[in-house]
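Down below is the structure, laid out as structure tokens.
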């Protein structure tokens with residue numbers, strides 16, 4: 001398996017634009033997690049899904065952020081409208097039920113100017 | 001999830017054992033201790049986890065105190081490639097946690 005795949009790896013956008021980050025979890029994994037990492041706040045859990053259903057979105061900073069998982073092999077994190085303070089590295093991770101290891105993707109570095 | 005406390009940074013000589021401590025005094029009975037590391041800007045990598053018994057795998061050993069209020073991650077023979085930020089996380093659900101600041105381990109030649 002190629003691991004957790006995130007796209008794009010880098011994204012630069014202007015303030016006010018919509019940004020969509022994508023994640024393909026490892027096949028067979030039924031948990032999917034979205035994280036955000038900044039120098040100020042470290043690595044924060046934004047939302048996680050189990051069997052494509054959002055379980056806990058308490059980490060989503062505000063209504064400008066939304067996440068979906070239409071099927072077991074794809075998830076998106078959308079920011080609309082984007083703001084400079086959204087600049088961060090966004091990680092996606094997946095895990096199989098009954099296992100302890102969450103596998104992380106390489107991240108998407110988002111810069112909002 | 002219980003809060004964890006780790007030293008901000010540590011140094012270790014190459015080839016020596018690296019012992020990284022973590023305090024988690026408010027841990028609950030059903031919470032596991034997980035260790036991850038993040039090398040440079042890569043995604044975090046799982047190392048090891050445990051509930052109350054000591055654990056060992058090909059990467060590291062995990063020593064959990066009897067009262068479970070603290071633990072130590074041991075890298076038996078640190079190499080330069082082990083230089084990374086090490087995170088100690090306490091949770092009932094692997095992945096469902098916000099990582100703290102971690103310990104920056106620098107392995108020196």
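The values are calculated or read from the model by the stated rules, or taken from the named source; none is laboratory data. Computed from a predicted structure; not experimentally measured. With ideal geometry, Cβ positions are generated from the backbone for all residues, glycine too; neighbour counts draw on all protein chains shown.
Residues of segment A:26-46 being away from every other protein chain (no Cβ under 11 Å) and under 11 Å from residue A:94 (Cα atoms), which ones?
Listed by number, the residues that qualify are A:26, A:27, A:28, A:30.
For segment A:34-53, state whether one or more residues are surrounded by fewer than 13 Cβ atoms within 10 Å (Cβ to Cβ) and either more than 21 Å from residue B:95 (Cα to Cα) or modelled with pLDDT of 95 or more (or both). Lay out the reasoning, then the answer.
The first filter runs over segment A:34-53 and keeps only residues surrounded by fewer than 13 Cβ atoms within 10 Å (Cβ to Cβ), leaving A:39-41, A:51, A:53.
Filter again for either more than 21 Å from residue B:95 (Cα to Cα) or modelled with pLDDT of 95 or more (or both), leaving A:51, A:53.
Yes, there is a match, as at least one residue in segment A:34-53 is surrounded by fewer than 13 Cβ atoms within 10 Å (Cβ to Cβ) and either more than 21 Å from residue B:95 (Cα to Cα) or modelled with pLDDT of 95 or more (or both).
Hey, any hits in segment B:4-12 for a residue that's surrounded by 21 or more Cβ atoms within 10 Å (Cβ to Cβ), part of a loop (DSSP other than H, G, I, E, B), in contact with a strand residue (DSSP E or B) (Cβ under 6 Å, 6 or more places away or on another chain) and modelled with pLDDT of 95 or more? Give the derivation first.
Just the residues of segment B:4-12 that are surrounded by 21 or more Cβ atoms within 10 Å (Cβ to Cβ), to begin with: B:4, B:6.
Then keep just the ones that are part of a loop (DSSP other than H, G, I, E, B); that gives B:4, B:6.
Those still in the list that are in contact with a strand residue (DSSP E or B) (Cβ under 6 Å, 6 or more places away or on another chain) too: B:4, B:6.
Still in the list and also modelled with pLDDT of 95 or more: B:6.
The answer is yes; a qualifying residue exists.
Pick from segment A:57-113 the residues that are part of a helix (DSSP H, G or I) and in contact with a strand residue (DSSP E or B) (Cβ under 7 Å, 6 or more places away or on another chain): which of them is farthest from residue B:36 (Cα to Cα)? Lay out the reasoning, then the answer.
Taking segment A:57-113 first, the residues part of a helix (DSSP H, G or I) are A:84-86.
So of that shortlist, the ones also in contact with a strand residue (DSSP E or B) (Cβ under 7 Å, 6 or more places away or on another chain) come out as A:84, A:86.
Values: A:84: 29, A:86: 25 Å.
So the residue we want is A:84.
Which residues, taken from segment A:94-113, are surrounded by fewer than 21 Cβ atoms within 10 Å (Cβ to Cβ) and within 11 Å of another protein chain (Cβ to nearest Cβ)? Before you say what the answer is, go through the steps one by one.
Residues of segment A:94-113 surrounded by fewer than 21 Cβ atoms within 10 Å (Cβ to Cβ): A:96-101, A:106, A:109, A:111-113.
Within segment A:94-113, A:96, A:97, A:98, A:99, A:100, A:101, A:106, A:109 qualify.
Output the number of residues of segment B:20-41 satisfying the condition of being surrounded by 15 or more Cβ atoms within 10 Å (Cβ to Cβ) and closer than 15 Å to residue B:105 by Cβ. Full working, then the answer.
Initially, segment B:20-41 is screened for residues surrounded by 15 or more Cβ atoms within 10 Å (Cβ to Cβ), giving B:20-24, B:27, B:31-38.
When the remaining residues are screened for being closer than 15 Å to residue B:105 by Cβ, the result is B:20-22, B:35-38.
Looking only at that region, the number is 7.
Output the number of the condition that residue A:85 fails; it satisfies all remaining conditions of (1) at pLDDT 95 or above; (2) within 14 Å of chain B (Cβ to nearest Cβ).
Unmet for residue A:85, out of (1) at pLDDT 95 or above; (2) within 14 Å of chain B (Cβ to nearest Cβ): (2).
Go over the candidates A:91, A:74 one by one and state the one that is surrounded by 14 or more Cβ atoms within 10 Å (Cβ to Cβ), on the phi < 0 side of the Ramachandran plot, facing chain B (nearest Cβ under 8 Å) and modelled with pLDDT of 95 or more. Break it down into steps so the answer makes sense when it comes.
Details: A:74 fails: facing chain B (nearest Cβ under 8 Å).
Within the list A:91, A:74, the selection yields A:91.
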